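Notes for the one structure printed next.
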Amino acid sequence: MRKLLSAIILLFMTAGPILAQNGVIKGRIYNSKNNEPVPFANIIIYGTNTGSTSDLDGNFKFTGVDPGFVRLKATAVGFENYITEEFMVTNAKKVFVDIPMNEKQVELEEVEVRASPFKQKEESPVSMRTLGIEEIEQTPGANRDISRVIQTLPGVASSVSYRNDVIVRGGGPSENSFYLDGIEIPNLNHFATQGASGGPVGIINVDFIREADLYTGAFPANRGGALSSILDMKQVDGSQEETNFRFSVGASDAAFTANGPLSQNTTFIASVRRSYLQFLFDAIGLPFLPTYNDFQFKTKTKFDVKNELTVLGLGAIDEFELNTGLENPDEEQQFILNTVPVNEQWNYTIGAVYKHYKENGYDTWVLSRNMLNNSAFKYPENNENRRKILDFVSEEIENKARYEHTYRNQGLKLTYGAGAEYAKYNNDFFQQVFNEQGPDSLSYNTNLKLFKWSAFGQVSRDFFNNRLTLSFGTRFDANNYSGDMSNLLEQFSPRFSASYVLADKWSLNFNTGRYYQLPAYTALGYRNNRGVLVNKENNLKYIQSDHIVAGVEFMPERDAKISLEGFYKHYDDYPFLLDDSISLANKGADFGRVGDAPVKPLSEGRAYGLEVLARERDFKGFNIIFSYTLVRSEFKNLREKDEDYIAAAWDNKHLVNFTLRREFKNNWDIGLKWRYVGGPPYTPYDLEKSSLKQAWEARGGGYLDYSRFNEKRLGAFHQLDLRIDKQFFLDKWSLMLYVDVENVYNFKLKEAPSLVRKKNENGEPVIVNPEAPESQQRYDLRKIRTEAGTVLPTIGIMVEF
C-alpha cells in the first residue's frame, strides 16, 4: 500500500498544468414565491468581477469560465441578495443553476443586510447548518459519504468503529429523520440497523447532491418524526442540453452516473454502484465479507413556468457473509465469527413531488413508497448441522401522501398542510433465549397494519425593518395503534423561534419546541409466544422531547461566522426495556435490529450542552472550520428509588473538530481534519450468567451486567485525516484524483473487553465442572481487549465526459 500511495503522489506531483478554460454556466433567476422570472438581475461569479445579466425570461449565461468550484451572487431591484452554494464547473459539461430570490419588503435604514454564504431560515434561526457540494466532496476522512461529512458539524458525534450512526446532541441514532428533495427516506446507510439509522456505508451517491441542511434543533413544522436531527438533502437536476457521464472509483465501490435530457421539458440523472469490499476484506483476513449494490435516479419535468414534477428513487441490495474459511483465526476473529449473524437486506424508496405555483405561493403534493426487507440467521459456532439460535425475516412498508401550501407576501411566510400514511410491519421471528427458568425460545409472527395522519402549520414574520423575525408553528401526529396514539391533541407539538439583529454583525437567536416520534416498528410489532402485542398492552406512546436553544452569532466579514449556542433537551415516555432495565435510548449503535423487546413508556432523560462554531471561508486562502461541543446525555436510573440521572451511551462530554483546506495553483487542493471524541461509557459483562453453558449457547456469547449499567468508560479517541485532490480539466473530459488517508498518526483506542471461552489443546471450550448437571455446567471464560483505529489510505478516481 505504501508503494501504491507513493506512485499516486508521484503522479500528482509530476502532473503539469493541463487546463482548458471552456466552462459554461447557464441558469435562471426566479421569484421564490411564484416561480416567475426575474429579469435584469445582475449575476457575478463570487469573488471575481465576471458578471452577467438575466434576460426577460430570467435566463443568464457565462462562458469561458475557469474550471473548479464556484459560487454565484445575484442582485436585483426589489429582491434580497442571494449567494448560491458552490458547484463544480468543468469543460466536460455545462452547468445549470436555478437561483431563487426573495422579495425585499423595505429598504433598511438602521441595519445593513449583506449577502452571505451562510444561510438562515425564518423557522430555524439556530441549529441549522448548510453543507455545499465542495465540503461533501472534499472533506478529509469522509470519502464522499454524506453520513460522515455531517460528523464534522457541531453537536454531531462520531465513533471509532467506522459506523455512520447519526448521534446528535446526546441523542440516540434512532432519533433522526432524512429527506431527499422533500421525500422522506427511512434508510441512510447500507446494512442499516433496523429501528435506528446507523450502518457502515452511506446509501446516497453524492454525485446527486447539490446541498444538505442539517437541523439539530428548531425543526420546521412540515418535517416530523425527529427528536434530535433532520437532514434535508437537495439534489441536482440533469443537464438540459446534452448527456454527460461520470465514472468513479472510491474507498469501497465503483459507480457510474449519467445525466441529460429525456425530452424538451424533462431531464434525468441516474447511477448504479457496486462495492468491492468483500475482496479487500478477504485479502486482509477479516472475518466478515460485506457486499452492497445500490441505484439512484431522478427525473424533473417542467410543464410550464407554473407546474413541475420530480420523480426519484433509490434502493440497495446488501449481502453479508462470514469468512468461515479463515485459517487459524485469532481470538478476536473467532469472537466475531461466533457472535455476528449472517444478514441480508434490501430496501427502496420511490416518490414524486408535484409543485404548482400561484401568485403569492405554491402548492406541493408528495407521494412516496418505501420498503425495507431485513433478514438474519445464526447457527451455533456456524455449524449448520445444529439448530439455529436466530432466524427472522422482517419487512417495513410505508405508503405516504403529504400536501403543503406555502404563501409569501409583505414579509409574511405561511406554511400549512397535512399528511396521511399506510404502513405495514411483518416479522417472522425465532430466537433462542435464556431466562430465569433456563433455556427457552421466542417465536412469533406479526402482521401489523397502521394508519397515520398529521397536520401542521407555521407562520413567520419580520418586524422593525427586519431587525426582528418571529416564527410560530405547530404540528399534530396520530395513528390507530392505540387509543392514546389516535388522539391528535395528545401529540400537540408547538414551536417558537425568534431572531433579533443587534447590530450590523451581531444577532441573538432563540428556539423552543416540543417534538414527538413514533417508536420503531420493531417495538410496536413485538409479540410474545402467545401472539400478544406486548407493548400495545404496555401502553406504548409517542416519545416526547422538549427543546430549548439560545445563541449569539457574530459575522466579522461576509465569509466569516462565529456562533455560540446553548441547548437543553428533555425526554419523556421513552421506551424502557423491561428485561434489561435500561432505556431503549441507549441502544442502536450495533448491527442487526433494535427495539424488539418488551418495553414500557417509563424512561425520562435529558441532554444539554454548549456549541461553538467558527467558520472562515477565505483566511489568507484557507477554508477553516472549528467546532467544539460540550455535551452531557443522561437518563434516570429506574433501578434505584432516588432515580438519579446516569450517563447514557452517547455521553461523550467533549467533541472537537478542526478542518483546514486550501486550494493551490493548477487545481490542487489539500485538506486536514482533526477530530477528538470523548470516551463513551460502557457496561461490563455479567460473568456469573455468561459462564453458564446453556446461557452462552442460547446467545452465542456473553451477557452484559445491566445492574452496573455504564459503570465503565472508554478513553478518548482522536485522529488526523489528510486528503489531497488534483483535477485535470481537459477540453472534452475531466479527470479528478484524490488520496485520502484516515488516522494519519495511527492512533489506537482500547475498546470495551470482549468475552471468549478458553479452549483446550484440541480447540474445544473448557468446562470447569463437567461432572455437574448440564443446567449447572459453566464455561471457563476470559476477557480480551482489542484495539480500534488504523491508518486507512484510500485512492479515488473520477472521470467525467
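The values are calculated or read from the model by the stated rules, or taken from the named source; none is laboratory data. None of these values were measured; they are calculated from a predicted model. All Cβ positions, even for glycine, are placed from backbone atoms using ideal geometry, and neighbour counts span all protein chains on display. These area figures cover heavy atoms from the full protein model, side chains too; ligands, DNA and RNA do not enter into them. Shrake-Rupley method; radii C 1.70, N 1.55, O 1.52, S 1.80 Å.
Looking at N480, N465, just one residue is farther than 27 Å from H405 by Cβ and open to solvent by 20 Å² or more (accessible area, probe 1.4 Å), and that residue is N465. Of the residues in segment 677-688, at least one is assigned to a helix (DSSP H, G or I), over 22 Å from the mean Cα position of the chain (by Cα) and touching a residue at least 60 places away in the same chain (Cβ under 8 Å).
Surrounded by 19 or more Cβ atoms within 10 Å (Cβ to Cβ) and either touching a helix residue (DSSP H, G or I) at 6+ places or on another chain (Cβ under 8 Å) or without any contact (Cβ under 8 Å) to a residue 40 or more places away in the chain (or both), is that true of R273? Judged against the criteria, R273 is not a match. Evaluated against (1) touching a residue at least 60 places away in the same chain (Cβ under 8 Å); (2) open to solvent by less than 40 Å² (accessible area, probe 1.4 Å); (3) among the hydrophobic types (A, V, I, L, M, F, W, C), A772 falls short on exactly one condition, (1). Looking across segment 372-411, the residues that are among the aliphatic types (A, V, I, L, M) and open to solvent by 20 Å² or more (accessible area, probe 1.4 Å) come down to V393, A401. Taking the options E344, E359, E381, name whichever one is farther than 23 Å from Y292 by Cα and out of contact with any Lys or Arg (no Cβ under 9 Å at 6 or more places or on another chain). Unique residue meeting the criteria: E381.
Does L227 count as farther than 24 Å from Y571 by Cα, modelled with pLDDT of 95 or more and not polar (S, T, N, Q)? No; evaluated as a whole, the condition is false for this residue. For segment 786-801, the criterion of being open to solvent by 80 Å² or more (accessible area, probe 1.4 Å), closer than 30 Å to Q138 by Cα and at pLDDT 90 or above is met by at least one residue. Pairs linking a residue in segment 366-388 that is within 26 Å of T310 (Cα to Cα) to a residue that is open to solvent by less than 50 Å² (accessible area, probe 1.4 Å) and of a type in the set (G, A, S), with Cβ atoms under 6 Å and 6 or more positions apart or on different chains, are V366/G182; L367/A352; L367/A401; S368/G351. I want to confirm something. Restricting to segment 208-245 and keeping residues that are among the hydroxyl-bearing types (S, T, Y) and in a strand (DSSP E or B), which single residue is farthest from the chain's Cα centre (by Cα)? My answer is Y215.
Looking for whichever is open to solvent by 30 Å² or more (accessible area, probe 1.4 Å), modelled with pLDDT of 95 or more and closer than 30 Å to T139 by Cα here; the options are R617, R632. Which one fits?
On the way: R617 fails: modelled with pLDDT of 95 or more.
Just one listed residue meets the conditions, R632.
If the condition is being over 23 Å from K561 (Cβ atoms) and part of a loop (DSSP other than H, G, I, E, B), then segment 490-534 contributes L518, P519, A520, G525, Y526, N528, N529, R530, G531, V532. Just checking, does segment 644-662 include any residue being over 20 Å from the mean Cα position of the chain (by Cα) and in a loop (DSSP other than H, G, I, E, B)? Scanning segment 644-662 turns up at least one residue that is over 20 Å from the mean Cα position of the chain (by Cα) and in a loop (DSSP other than H, G, I, E, B).
The set of residues in segment 212-223 that are open to solvent by less than 10 Å² (accessible area, probe 1.4 Å) and either within 27 Å of F268 (Cα to Cα) or modelled with pLDDT under 95 (or both) comprises A212, D213, L214.
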